[in-house]
Each structure stands twice: as C-alpha cells, then as structure tokens.
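Worksheet: one structure, shown below.
The values are calculated or read from the model by the stated rules, or taken from the named source; none is laboratory data. As the structure is a computational prediction, the values presented were derived from the model and not from experiment. Don't worry about glycine lacking a Cβ; one is built from the backbone with ideal geometry, like all the others, and counts go over all protein chains shown. Surface accessibility is based on the protein's heavy atoms, side chains included, excluding ligands, DNA and RNA. Shrake-Rupley method; radii C 1.70, N 1.55, O 1.52, S 1.80 Å.
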Amino acid sequence: MLHGFGSNLFSVAIGFDRIVCGGEEGVIRIWNFSQALEIEQRVRSLRGIRLENRMRRRKLQTEMSAKGGQGGQCSVAAKKNQMNSDKNSWHNKRRTEGDEEREAGSFLWADQGALLVEAHSDVALADLGDLSVPNPAWIKLIYRFPNEEEYKVVDMPLVIAQFLSAWAETAKAGSLVVNPKPCWDREIFLPRDPPKIAFSHTEFKRIDEGSTLTMNLWQGKPVQKCYRISREFQAHLKKAVQTYGEFSCTTFDAMAAHVWRSWVKALDVKPLDYELRLTFSVNARAKLKNPRLNDGFYGNALCVACTTSTVSRLIDGCLAETVHLVHEARLGVSEDYLRSTIDYIDLHRPKRLEFGGKLTVTQWTRFAIYESADFGWGKPIYAGPIDLTPTPQVCVFLPEGGETEASGAMVLCICLPECACHRFRELLLSHGFK
C-alpha cells in the first residue's frame, strides 16, 4: 500500500506473517506480527499488577506516617520489615515483568517475534511511475527471503484484512482494538467420512491443452496491463446484458463474461470447438449454515466456481449468453457444493495449478482494504498485488484507491502478449456490446 502524497509517500506491504515498510531515505523495514497481540495483552496484565503493588506500598507508607511515635516502635518496625519484604518482592517481580515488557515491546522472543531487515534504495519516487495501478517494477523494492516462493493471489486470507484493520484502529485509538476477536475454526472444513462428491468439479480437473491459448499467451513474454473501468461503463454493460438477456445479474457477472470474451478474441484462440474454462472465487462464509463460521475466522473461506464454453460460442454468441453462464456458476456455489469441494480435494488434491484452457478472475473490489488501512492520515493510494506475470492466466478486479475511490471505478489487471494488447483494449472498452 502507498500512503501520503507528493514527495511524502511511503509504502506498507502486509504479508501473511509480517509487515514491510519503505519510507524515508529509502529504508525498508520488516516486522513479524505473529504474536504481537498476545504479547500486548500480557503486557497490559503485568502493568495492572505493577500498579496494584505500587498502590499497596503507598498505603503502607501512609499508615506508618500517621501512627508515628516511640510507643508504636515495635509495631512500626514490624510494618517496616513487612514493607521492606513487600518492596523486595515487588522489585523482583518488577524486574521479571520489565524484562518481559521489554521483550514484548520489541518482540524479541527466542526464534519468534520481529525479524527486522534494513536496506537502502536509490530509486526515486518519480521512477515508480503511476502509483495508482500495480507495476511489476516495484518488486525489487520488496525484500524476499532466500528460497521464498512466488506470491500467489489466493494466498491472502482474511487475517491480513483483520490485522490491518486492528492495527489501524489501534494506531488511531492509542489502545489495543481487536474486533472481531480472531479465531481459527478449521475443524469446520474437515472432509466428511465417508466422502460425498456430488458434483463434477471441472475447476480442478487436469485438461490437456488442446488449443492455442497457452501457446499464444506464453510464446511472447506476457505483459501486465491495467485498465480503469468507470462506474458508468460498468452500469452501461450491466444494463445492456439485462436488456437482451432478460435475467438479473451482478456487475461481476457482466464484467467477468465481457473480459473472458475479449481476452479469448484478442488471443485468437483455435480450434473453435475447444472447450475453455472460466474460474473465479466465491465467498463461502455466507454459504455455511450448519455450523456457521465465526465472524473472527481469519483463514480463507473461498470456493472456486467454474463455467465452460467452446471458443466459437464465446466469440460468435451474444454477451448475455456468456453472462448467464457466469451467473449460473456463481449461484451454483452452495453449502453442498462447498462440502463436495472439500471431499474432492481431500481425495484428488491437485499437485499443481492447472491452466489448460483457463482464465481465472479474482475480485477484490469488495475487499475493504482502503477503509481498513486508514491509520489516521488518510487512505492508501494503492493496495493490491504488484506482479501478475508469474501467473498470466489470472485477471484481478481491484477497487480504485486514493482520492478517487468514491468514484466507484475499478482497475482491471490482466496479462497479454504485446501483440494482443491493442486488440484487447479495443474489445474491452467498446460500447457496442452484443
């Protein structure tokens, strides 16, 4: 995420178990936050004990001062001894608590807590280009650990959004804010015994690439392209589909179908009778009824939906037909479908990602990261993935950030060979829908 404006920009990147900050003088720092909240709660408890001991000591001092006199010397001496004993005990306790508090404050536990990485860069802000859209060139500013795997778009569970929100609210409130309380109810997603696979789950099946799609996409080095899609364009597209299709659809249904058709046409996929796949994630949280998923569950709760179509049906058919395919696939994700998916993966876990004849659309437009990441000095300019080229058959719908966020526009990021970019742009932004 990029915060600030003008020459006062700095970046914050949130990973599964660490935070990367880049700011003044090109310095990059990384914080691991895996146990930060638990440590903070322990520190608060220890501070309460310290305050209680301090008040008890003051009370003893007040009582001794009030009594005074020689006649009470033995009694006073006994109380002094008791106070000294308490004081020594308190100092011992304070030393232990102080040590732990210092550990908590800097997160320096043995083999845990913060891993700090400091680096310098001579890259100027002017060299970063347009800060409102992702740029693969930014990758060099993000520290990677040795042998670290490439980033995957799906590897962003809700814990990041929850932590980011809690971190921002804590920064603004000046005290720890955690709402909802994080929980890890993974047992809800255990496979059934015996398993019950009730659907075909084409989304996970290996399909040998019998078309030119993959070859056309990978033959030249894919380039990442981003397009701003205005609220008005989205509304016009949706209205056109509903006029000819005579069914209700969402903006996502219409946009996913339109992008799929434009992408296939721009890549000039052959043969025409080859069956292609479109996959996309559906939020499964609301689908779970028995039992319900706790609001604080911070893992992924996504189910992959899939629809198929031949090349000829995509390029020669009407847009409303393709939108209907997406619409039906999205509505088909039920609790039964989710349970069947869990059982299928348990029995036939894919060994690798399958890209045969496939485009995957990921929607982040409803991911409230811009609201969550306001630390008191404004919303980020950009928050999202940086480089899609390692998985060029993935398309991402991002909300537009910065001052224009309220416009309702989205940023569409997709990968194409250079020779297909112009054709794709023409098809995507054309208002002549059919």
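Looking at F424, F367, F355 in this structure, which one is modelled with pLDDT of 95 or more and either in a helix (DSSP H, G or I) or open to solvent by 30 Å² or more (accessible area, probe 1.4 Å) (or both)?
After applying the criteria, what remains is F424.
Only one of these is in contact with a helix residue (DSSP H, G or I) (Cβ under 6 Å, 6 or more places away or on another chain) and of a type in the set (S, T, Y): S334, S430, S340, S372. Name it.
S372
Do we find a residue being over 30 Å from E209 (Cβ atoms) and in contact with a Phe, Trp or Tyr (Cβ under 9 Å, 6 or more places away or on another chain) anywhere in segment 244-257?
Yes, segment 244-257 contains at least one residue that is over 30 Å from E209 (Cβ atoms) and in contact with a Phe, Trp or Tyr (Cβ under 9 Å, 6 or more places away or on another chain).
Just to be sure I understand the filter: pairs with C-beta atoms under 9 Å, separated by 6 or more residues or on different chains, first member in segment 125-147 and at pLDDT 80 or above, second member open to solvent by 60 Å² or more (accessible area, probe 1.4 Å) and in a helix (DSSP H, G or I). Which pairs pass?
L131/L125; S132/T404; A137/D127
Is it true that some residue in segment 317-334 is assigned to a loop (DSSP other than H, G, I, E, B), farther than 30 Å from A161 by Cα and not aliphatic (A, V, I, L, M)?
Yes, that holds for at least one residue.
Could you say whether any residue in segment 377-384 is crowded, with 17+ Cβ neighbours inside 10 Å, out of contact with any strand residue (DSSP E or B) (no Cβ under 8 Å at 6 or more places or on another chain) and of a type in the set (S, T, Y)?
no
Looking only at segment 324-340, count every residue that is out of contact with any Leu (no Cβ under 9 Å at 6 or more places or on another chain) and within 24 Å of M255 (Cβ to Cβ) and tell me the total.
Within segment 324-340, residues that are out of contact with any Leu (no Cβ under 9 Å at 6 or more places or on another chain) and within 24 Å of M255 (Cβ to Cβ) number 9.
Restrict the check to segment 113-123 and report whether at least one residue is at pLDDT 50 or above, surrounded by 12 or more Cβ atoms within 10 Å (Cβ to Cβ), among the hydrophobic types (A, V, I, L, M, F, W, C) and within 27 Å of T360 (Cβ to Cβ).
no
Checking E150 against (1) modelled with pLDDT of 85 or more; (2) open to solvent by 80 Å² or more (accessible area, probe 1.4 Å); (3) farther than 21 Å from A301 by Cβ, which test does it fail?
Going through (1) modelled with pLDDT of 85 or more; (2) open to solvent by 80 Å² or more (accessible area, probe 1.4 Å); (3) farther than 21 Å from A301 by Cβ one by one, E150 breaks only (1).
One line per residue, one yes/no per condition, for (1) among the polar types (S, T, N, Q); (2) within 25 Å of L416 (Cα to Cα); (3) crowded, with 16+ Cβ neighbours inside 10 Å:
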| residue | (1), (2), (3) |
| --- | --- |
| R231 | no, yes, no |
| Q234 | yes, yes, yes |
| D253 | no, yes, yes |
| L276 | no, yes, yes |
| A284 | no, no, yes |
| L293 | no, no, yes |
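Looking at segment 251-267, is at least one residue outside any helix (DSSP H, G or I) and in contact (Cβ under 8 Å) with a residue 60 or more places away in the chain?
no
Would you call T362 of a type in the set (V, I, T), open to solvent by less than 40 Å² (accessible area, probe 1.4 Å) and either in a helix (DSSP H, G or I) or at pLDDT below 85 (or both)?
It is false that T362 is of a type in the set (V, I, T), open to solvent by less than 40 Å² (accessible area, probe 1.4 Å) and either in a helix (DSSP H, G or I) or at pLDDT below 85 (or both).
Return yes when C413 is in contact with a Lys or Arg (Cβ under 8 Å, 6 or more places away or on another chain) and touching a residue at least 24 places away in the same chain (Cβ under 8 Å) and no when it is not.
yes
Looking only at residues in segment 257-274 that are charged (D, E, K, R) and in contact with a helix residue (DSSP H, G or I) (Cβ under 6 Å, 6 or more places away or on another chain), which one is surrounded by the most Cβ atoms within 10 Å (Cβ to Cβ)?
Looking at residues that are charged (D, E, K, R) and in contact with a helix residue (DSSP H, G or I) (Cβ under 6 Å, 6 or more places away or on another chain), I get R261.
Could you grab me the full set of residues in segment 174-213 that are loosely packed, with under 13 Cβ neighbours inside 10 Å and polar (S, T, N, Q)?
Across segment 174-213, the qualifying residues are S175, N179, S200.
Would you be able to tell me the number of residues in segment 300-314 that are open to solvent by 10 Å² or more (accessible area, probe 1.4 Å) and in a helix (DSSP H, G or I)?
So the count comes out to 2.
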